[in-house]
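**Q** The structure follows.
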Amino acid sequence: MDLRRGAQTAVDKVMLSLVQRKREITTSEKIVQVATISTNDDTHAQMVEFDKPPVLLSEKISLLQGILPSLEAGAQARRPLVVIAEDVDGEALAAYILNKLRGQLQVACVKAPGFGDNRKSILGDLAILTGGNVFTDELDIKLERATPDLLGSSGSITITKADAIFLNGKGSKDAIAARSEQIRAVAIDPTTSDCDRMKLSG
């Protein structure tokens with residue numbers, strides 16, 4: 001309870017500070033300046049590599065209370081946390097930034113690719129690959145109830161501005177093989193549209 005109150009207080013302060021300090025960005029030069037500051041003046045720093053990180057797969061994440069269990073899981077594992085979600089904003093984004101600034105836990109947030117049902121399918125595939133679960137109201141798997149065993153994992157994850165590469169996902173080999181065979185079957189099915197076939201191959 002103390003951890004939650006402390007995190008909430010810290011996030012409230014960060015949100016207030018951000019609102020007070022915000023400046024309108026109206027030129028491309030200012031955008032470049034902000035991006036350079038964000039990368040510690042290293043304009044080439046466009047990639048992160050994590051070894052054996054816990055992986056959180058979710059729909060949109062906004063509330064602090066939803067991410068505390070996953071932050072605690074990452075801290076317990078003493079590993080960086082990779083978050084792949086439809087979007088991350090509000091209190092949740094502030095908390096991730098605060099953790100990074102304080103050096104408490106490395107967190108990388110990746111926007112889940114695709115749209116609609118295609119995005120859901122991709123998140124489901126990542127769950128199979130990493131052995132995790134997709135936190136979604138539709139399946140009644142709540143972020144607030146996240147435990148380490150519900151998160152996925154991978155031997156390594158390399159993240160760039162365009163891609164996220166997973167190596168040695170910790171999912172069941174049988175489940176991965178079954179899903180791969182299912183995808184191949186759909187890809188060669190003559191009734192599959194070219195658009196859907198491109199989604200499967202990409």
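**Q** Within the range 102-117, how many residues turn out to be assigned to a helix (DSSP H, G or I) and surrounded by 15 or more Cβ atoms within 10 Å (Cβ to Cβ)?
**A** 0
**Q** How about the range 123-152: which of its residues are among the basic types (Lys, Arg) and in contact with a strand residue (DSSP E or B) (Cβ under 8 Å, 6 or more places away or on another chain)? Write out each step before concluding.
**A** Within the range 123-152, the subset among the basic types (Lys, Arg) is 142, 145.
If the condition is that a residue be among the basic types (Lys, Arg) and in contact with a strand residue (DSSP E or B) (Cβ under 8 Å, 6 or more places away or on another chain), then Lys142 is the only one that fits.
Residue-by-condition table, conditions (1) surrounded by fewer than 19 Cβ atoms within 10 Å (Cβ to Cβ); (2) within 15 Å of Asn99 (Cα to Cα); (3) touching a Pro at 6+ places or on another chain (Cβ under 9 Å); (4) at pLDDT 85 or above:
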residue	(1), (2), (3), (4)
Ala45	yes, no, no, no
Leu57	no, no, no, yes
Ser62	yes, no, no, yes
Ala73	no, yes, yes, no
Val82	no, yes, yes, yes
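Each row is one residue, and each column tells you yes or no for (1) at pLDDT 85 or above; (2) surrounded by fewer than 12 Cβ atoms within 10 Å (Cβ to Cβ); (3) in the same structural domain as Arg79 (by TED's automatic domain parsing).
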site: Phe135; (1), (2), (3): yes, no, yes
site: Asp140; (1), (2), (3): no, yes, yes
site: Ala146; (1), (2), (3): no, no, yes
site: Ser153; (1), (2), (3): yes, no, yes
site: Ser156; (1), (2), (3): yes, no, yes
site: Ala162; (1), (2), (3): no, yes, yes
site: Ala177; (1), (2), (3): yes, yes, no
site: Glu181; (1), (2), (3): yes, yes, no
site: Thr192; (1), (2), (3): no, no, no
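**Q** Among the residues in the range 86-101, are any outside any helix (DSSP H, G or I) and over 24 Å from Gln46 (Cα atoms)?
**A** no
The values are calculated or read from the model by the stated rules, or taken from the named source; none is laboratory data. Computed from a predicted model, the values in this text were never measured in an experiment. With ideal geometry, Cβ positions are generated from the backbone for all residues, glycine too; neighbour counts draw on all protein chains shown.
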